[in-house]
Every structure is written in C-alpha cells, then in structure tokens.
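Single-structure report; data block below.
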Amino acid sequence: EELEEESAARSNFIEVLGHELRTPLTPILVSSGILNEMPSSQKSDMVGKLSSSIYRSSRVLAQRLEELLDLGRYSRGTFQLSLQPINLNVYFEEVSSRLSPLITKPGQKLIIEIASPLPEASIDSSLLEQVVINLISNAGKYSPEKSTISFKVKIAGPDLLIEVQDDGIGISEEEQARLFKPYHRAEQDRQKYPGIGLGLAICKQIIEAHGGKIWVTSELGKGSTFSFSLPY
C-alpha cells in the first residue's frame, strides 16, 4: 500500500510539475516564434541569433514537459487510446514518408520495408506514430555517419511486427535490463545526448496499452534492433 501511495504521489507530482512549468513556457514559445519569423531586414543579426536560440531551447523544454505529462498520465492510467480501424498499408506508407528528416548525420541511409498486404487493425494512429518516430530518432542519433537504419513492418503469426535496426554503438545486457524504465539513461548517453530518459518508457506504455510487447536485441559495437508486436 505504501508503494502504491508513493507511486501515485510521484505520478501526481510529475503531472503538476509539467503543468506548472508549461504555463510560463507557452508565452515564451509564442513570442520567440513570432520574433524568429520576422524578416531579417527588421531585426539585427544579434537579435536574430538570440531569438533563434530562445525559440529552439523553448521547443526542447516543451518537448521534455510533454514527456513528463505523458508519463504521469500513463502511470496513473488516466489516458485513453483513441482506437480507429486503420488500413495498415496506407498508414505505414504515410508514416514512412515523414521519417527521412529524422536521419540527419552525413551519409546515413534509411531503408523501409513494408509487407503487403497488411491487415486492417484498430490502433491509436497518433500514439503509434509517436513510438515509431522515437525509435527511428534514437537509431539515427546513436548510429555513426554513413550507417544504415532499417524500418520493417511485417506479419509474424497472430501479430504485426515492427523492427527498427541500426548499426550503432550497441547496448550491454546490463543496460538492456533497465532500458524501458522511466528516468534511466546510460552514462554515455547523459554525457553526449540531451534528454531525461522518458522516451522508451513512454513507448512501452503505449505499446502495452495496445496489448502488445516491445523489446530490444543488441550487442555492444554491433548495433541494436528495437522491435514491437501488436495483435491485430
């Protein structure tokens, strides 16, 4: 009972904290966005650099707050999936068209393989795309230049199987055991990459809410494959 009370209190704290921080952040985002979009002829170089810096930093902070709020909602069970019957081939083709900008390092290549035909399934299309974007972003971030990242969608028995494979740094067995837990980040991640370690924990909540599973297979120095399955 004490553990449940502690968990509920922590989730409530996260939600309150997120709302309290988001309130003053909103006018900063709006104001800096307007300033950032002003024609260069109407502002000095210094003002332009400062406004761009404020705008980028505000967007990062806003993203982190949304992650906190999402985790609070998922932990408390106060969120609901918006399930709609979806043609999965059409859906994943549309999602795939928005993935290329996430691969940003020189020479990186994204390979997309979508089996056809795929069945129709009831999914929360927005949340499922959030999972795919998170996994693809991570694959690009942790992979070197001139590497290959693959995104595969196929049928595996009674499940839909999605795989994101990379040629990145790999993950030790010890780290894999903690990878989907909130707030956990590997030491090398904290030193090199921004973030608060909620992305994969939120992905796990979304996939499990769909009745699916998410996991990783990896070896240090030999890349990783993040997979999730969904019943259809």
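Each principal axis of the Cα atoms in the range 128-187 has its own extent, and those three values, largest first, are 37, 30, 22 angstrom.
Rounded to the nearest Hz, the phi-derived 3J(HN,Hα) couplings of the range 141-151 under the Karplus curve 6.51 cos²θ - 1.76 cosθ + 1.60 (θ = phi - 60°) are 5, 9, 9, x, 4, 6, 9, 10, 10, 10, 10, where x marks glycine and proline.
Report, to one decimal in Å, the Kirkwood hydrodynamic radius for the range 88-173 based on all distinct Cα pairs. When all Cα pairs of the range 88-173 are included, the Kirkwood radius is 13.6 Å.
Amide H to amide H, with H built 1.01 Å from N, ILE114 comes under 5 Å of VAL153, counting only residues 5 or more places away or on other chains.
For the listed residue pairs LYS109/LYS154; LYS154/LYS204; LYS109/LYS213, the alpha carbons are over 23 angstrom apart in LYS109/LYS213.
Quick check: convex hull of the Cα atoms in the range 112-152, volume per residue, rounded to a whole Å³?
Details: hull volume 2.5 nm³, N = 41.
Spread over its residues, the Cα hull of the range 112-152 gives 61 Å³ apiece.
Between VAL90 and THR26, the simple label model (points 7 Å from Cα in the Cβ direction) yields a spacing of 3.5 nm.
Only the coordinates and a few stated rules stand behind these numbers; no lab work does. Fair warning: this is a prediction, and the values are worked out from it, not measured in the lab. When we count neighbours, we look across all protein chains shown, and the Cβ atoms used for this are built from the backbone with ideal geometry, even at glycine.
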